[in-house]
């Protein structure tokens, strides 16, 4: 982290640097509200839930087609540091773009420690490939924009190079994995040297497709630094996409800007698609 001697920090300080739940007093309340709203969306549109895209129990898709098959589709990847949560709790976050005629899709994936991070990345890649082939059967045949929050932001960024994806948005993501090995998160992740080297977006050549990088200005410094550094890294390589600091938002309430029809992140997704088409 910028301005911090990571090597001199105690383990408790390193853990706190990435513990978003402990940093936000209302985290549990916000999670419960999102889960209720997502349950209502899934209950209202139950037809295309838990479609199988792979052999593992969590390799399932929830699809919410638009009226037009050619409409753009937002693929949203849930967060939880690759070891918590499920797709079911995030369905409400598609309502912003759905109000603009988009389709939405929510892939699940196996969590650590049952899967390594390499395996999780492979599952998300397989999910996007499955959607590109099977989507037309479910009235989803338009351009795919991939997004995700927290760990999902990391996974979305790594999926940007898919030939089926036209653009992406990382929200409050983790883009350098090295420091995580020194925290409680690695107890389940068990990151290898190779994974840190090959799955950290900050260590990879930027993909020359539009990628918006969003974060809340009230987030933990480590998360803010990850987003700002990734944008600088991509800008140095002339890769397109804006940096979006969302004023006053923390790691959890930033998602409200995706839930709303006129939310900051909803509008950015609309703009992102236009830039991909340009």
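The numbers here are math on the coordinates, done by the rules we state, and not lab data. Computed from a predicted model, the values in this text were never measured in an experiment. Every residue, glycine as well, gets a Cβ built from its backbone with ideal geometry; the counts of neighbours run over all protein chains shown.
A few remarks follow.
- Computing FRET efficiency as 1/(1 + (r/R0)^6) for residue 47 and residue 133, where r is the C-beta to C-beta distance and R0 is 25 Å, gives about 0.80.
- Listed options for Cα extents along the principal axes in Å are [x] 55, 38, 36; [y] 63, 37, 29; [z] 57, 56, 35. The value calculated from this structure is the one marked [x].
- Between 0 and 90 degrees, the angle of helix 221-236 with respect to the longest Cα principal axis of the chain falls at about 70 degrees.
- Ordered from longest to shortest, the equivalent ellipsoid semi-axes for region 80-221 are 25, 16, 16 Å, each the square root of 5 times a Cα gyration tensor eigenvalue.
- Modelled FRET efficiency - R0 25 Å, residue 6 with residue 28, Cβ distances, 0.05 increments: 0.30
- Stretchable slack from residue 192 to residue 40, in nm (0.36 nm times residue separation minus alpha-carbon distance): 50.8 nm
- Its relative contact order, with pairs defined as Cα atoms under 8 Å and 6+ residues apart, puts the chain at 19 percent.
- For region 131-278, the relative contact order works out to 21 percent when only alpha carbon pairs closer than 8 Å and six or more residues apart are counted.
- The angle between the Cα long axis of helix 27-44 and the longest principal axis of the Cα atoms of the chain comes to about 20 degrees, rounded to the nearest 10.
- Here the Gaussian network model covers the chain, with springs between Cα atoms less than 10 Å apart; of 35, 123, 176, 35 fluctuates the most.
- Of all the options 64, 90, 45, the one that moves most in a Gaussian network model of the chain with Cα springs shorter than 10 angstrom is 45.
- For region 84-139 versus region 1-59, the spacing of their alpha-carbon centroids is 15 Å.
- C-alpha center-to-center spacing [region 242-278, region 174-197] in angstrom: 28 Å
- Between residue 56 and residue 119, the contour length at 0.36 nm per residue exceeds the alpha carbon distance by 21.6 nm.
- Region 1-72, relative contact order in percent, only Cα pairs under 8 angstrom and at least six apart counted: 14 percent
- Among 116, 157, 247: highest mean-square fluctuation, GNM of the chain, C-alpha pairs under 10 Å: 247
- q = 0.13, 0.26, 0.27, 0.29 Å⁻¹: log10 I(q)/I(0) that the Debye formula gives for region 134-177, counting C-alpha atoms only: -0.31, -0.83, -0.86, -0.92
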